[in-house]
1. Please find, among A:Ala43, A:Ala84, A:Ala62, the residue that is of a type outside the set (Val, Ile, Thr) and within 14 Å of another protein chain (Cβ to nearest Cβ).
2. So for region B:115-126 (the condition being among the small types (Gly, Ala, Ser), surrounded by fewer than 21 Cβ atoms within 10 Å (Cβ to Cβ) and outside the structural domain of B:Trp158 (by TED's automatic domain parsing)), does at least one residue qualify?
3. List every residue pair whose Cβ atoms sit under 6 Å apart, with the two residues 6 or more apart in sequence or on different chains, where the first one lies in region A:95-108 and is without any contact (Cβ under 8 Å) to a residue 60 or more places away in the chain and the second, anywhere, is crowded, with 23+ Cβ neighbours inside 10 Å.
4. Please enumerate the residues belonging to region B:58-70 that are within 25 Å of the chain's Cα centre (by Cα), part of a helix (DSSP H, G or I) and aliphatic (A, V, I, L, M).
5. Mind checking which residues of region A:210-236 are under 14 Å from the mean Cα position of the chain (by Cα) and either buried (at least 21 other Cβ atoms within 10 Å of the Cβ) or not acidic (Asp, Glu) (or both)?
6. From (1) outside any loop (DSSP other than H, G, I, E, B); (2) closer than 18 Å to B:Ala202 by Cβ; (3) away from every other protein chain (no Cβ under 14 Å), pick out the condition that doesn't hold for B:Arg369.
7. Is it the case that some residue within region B:195-214 is farther than 30 Å from B:Arg369 by Cβ and β-branched (Val, Ile, Thr)?
8. Which of the residues belonging to region A:15-40 are closer than 22 Å to A:Asn313 by Cβ, at the interface with chain B (Cβ under 8 Å from one of its Cβ atoms) and free of Cβ contacts under 8 Å to residues at least 12 places away in the same chain?
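The values are calculated or read from the model by the stated rules, or taken from the named source; none is laboratory data. Treat the numbers as computed from the prediction; the structure is a model and nothing was measured. Note that each Cβ is placed from the backbone with ideal geometry, even for glycine, and that neighbours are counted across all protein chains shown.
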Protein chains: 2
Amino acid sequence: MRVTFPVVGMVGGGQLARMTHEAGIPLGVRFKLLSDTPQDSAAQVIADVTVGDYRDLDTLRAFARGCDVVTFDHEHVPTEHLHALEADGIAVRPGPEALVHAQDKGVMRAKLDAIGVPCPRHRIVRDPDDVAAFAAEGSGFPVVLKTVRGGYDGKGVWVVSSPAEAADPFRAGVPVLAEEKVDFVRELAANVVRSPHGQAVAYPVVESIQVDGVCDTVIAPAPGLADELSAQAQQLALTIAKELGVVGHLAVELFETRDGRVLVNELAMRPHNSGHWTQDGAVTSQFANHLRAVLDLPLGDPRPRQPWTVMVNVLGGDFPDMYSAYLHCMARDPALKIHMYGKDVKPGRKVGHVTTYGDDLPEVRERARHAADYLRGTIQE
Amino acid sequence: MRVTFPVVGMVGGGQLARMTHEAGIPLGVRFKLLSDTPQDSAAQVIADVTVGDYRDLDTLRAFARGCDVVTFDHEHVPTEHLHALEADGIAVRPGPEALVHAQDKGVMRAKLDAIGVPCPRHRIVRDPDDVAAFAAEGSGFPVVLKTVRGGYDGKGVWVVSSPAEAADPFRAGVPVLAEEKVDFVRELAANVVRSPHGQAVAYPVVESIQVDGVCDTVIAPAPGLADELSAQAQQLALTIAKELGVVGHLAVELFETRDGRVLVNELAMRPHNSGHWTQDGAVTSQFANHLRAVLDLPLGDPRPRQPWTVMVNVLGGDFPDMYSAYLHCMARDPALKIHMYGKDVKPGRKVGHVTTYGDDLPEVRERARHAADYLRGTIQE
């Protein structure tokens, strides 16, 4: 007799979809992908792939009809399309009412203010003169400017020191959000997962180290983080997940300020780079828990399996043949976990990550750093 | 610039191919599957699937031409076809010279005798009278009879108590091997992986508990196994891998005798049910290490991540909708690891397995037992 497992539809063919599929294989669920091209990272490893444009509502509708639930590799699907799918009776998780907070930074800031979540000082600004006014209202320049939609990995973000530098963000015709430049000690991320039933789990709060606006290293748990600040960060993320009606994985990127507070920087409603460590480091990975959440299954144990886990992203460099670098990396460190995305190497592009774990943080960190640098080709031994 | 990752061709679409693909996604290697049907377990989750008959040499050759290395989900590919592929210049791993020992129990016993590996008393028998003679040469009936090719999971194996019962095995026209019925305490398995370079790793020796000739439970490591016997079993497996020229994963199924010896029961040259625990319980899974071996990459750390890991197979029962059983199982045990194969439920068929791990063996074992029984439908709470 046929086992009746649900069909999960994933919109977007990037590495998050690829790794969610990997996590879904043991669950036995059926996985359908809507991908821009047949060469996308996830399309290379999934049996049931529709090639099409998620911005086209007819394409999206036809794809969703074959699915029990639709979820996302990215936040770029137009909010109105998501409402249309819901009107068609499709389970969209996270739903548009939640997802809009990860799509539109203006909406996100307004909502976080309303529910009392601490954020950097901010407001929507109209033009460079208004930026100057925003600076004057607080502690002056520099000011951070963000287009409210469309940014990621440092794109759509400007740090400006004068009104004269503030012209660029307004050129796209998208509303611009001004934020104080927070004097932070470091960046943290609180990852939580929430199901339609309202069950939620919180992963340990991690430290996230950015280089040139792109995540470079994640250390789980964040070293030396005070217990009360850790609990506060987890509680903030759980509150946001509940108040915004998030279903699935929610990453809350945070600033730890010099005066011992946490402020919300960004939200992502999908598996997130700051949670990749969970694949090898936690009892249940963020990808498995995201799937369990969107399927309204009981969530898995988010606890770490060892004292320290470190993830370092592998960016493309000048060295195209990363596979040949496996020999050295695997021979040097038999416990190294390599995760490649099947993407062409382009300078600065995230093409994979490595994870290490163990009892001694400096050693665990050195192993991951070495492997990522060797794969990228910035070191030769 | 394009990353040049190798293409692995997997012959056979069963759950071992499915789980090898799962382990291959992080490696970034390309995976091609030759499957009997588009519905096979592995075909459901792999992008590049050729549907065809591995017994047809032209089909096999056409499939292999697109691969850098060909490996197997099962041992049923005719040995002469494998020689033909090698003559075509294809890397076949394990190669036919090795694989024949897992295909033909007569060849296997002769070779193990020649290299001094302890086996049950055995010889090829011609007919029921010869079975009586074999019994008389040793300690009498019962005697175990096996067709030298084609058996698995208890099929092709008979335990007979008299010459009158010994007629069936000879009907297939395949040579029949007689073996003494070993007075064993329990069954063990020694899993090792070997690369073309000759590097090898040994997993902890496990206890394997069979029910009706089918593997039911695997406990890693084998509880209370004497250190010297454990080392002897690992050494036997490493010796067999080397002497037979195995590339990839080798499972050596063993009897632990009442008088404190280990005797080789069966060999399998592929990831094996007795190694499924490594997915969640070891630093590197048998599937990842099999791939690394056939690609001649350095092997991964085979060590366990915690004191005890228990795997229990999920067999099909009268209860077809295993998915609905997830609710109870996941809510009861958030750390439970479920692995389903996407197969239709048929009574007695292996359709998945569950894995648990921890510090307390009785508790770890109870959790896995409960989940497997609940999924099968033999318990309701």
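1. It is A:Ala43.
2. Filtering region B:115-126 down to residues among the small types (Gly, Ala, Ser) leaves B:116.
Cutting the leftovers down to surrounded by fewer than 21 Cβ atoms within 10 Å (Cβ to Cβ) gives us B:116.
Filter once more, so that each one left must be outside the structural domain of B:Trp158 (by TED's automatic domain parsing): B:116.
Yes, region B:115-126 contains a residue that is among the small types (Gly, Ala, Ser), surrounded by fewer than 21 Cβ atoms within 10 Å (Cβ to Cβ) and outside the structural domain of B:Trp158 (by TED's automatic domain parsing).
3. Once the first residue is without any contact (Cβ under 8 Å) to a residue 60 or more places away in the chain and sits in region A:95-108, its partners that are crowded, with 23+ Cβ neighbours inside 10 Å give A:Pro96/A:Leu82; A:Val107/A:His101.
4. B:Leu60, B:Ala64
5. Passing the criteria: A:Gln210, A:Gly213, A:Val214, A:Cys215, A:Thr217, A:Val218.
6. Against the list (1) outside any loop (DSSP other than H, G, I, E, B); (2) closer than 18 Å to B:Ala202 by Cβ; (3) away from every other protein chain (no Cβ under 14 Å), B:Arg369 comes up short only on (2).
7. Within region B:195-214, the first condition is being farther than 30 Å from B:Arg369 by Cβ, and the residues that meet it are B:195-200.
The next check asks that each one be β-branched (Val, Ile, Thr); those that pass are none.
No, that holds for no residue.
8. none
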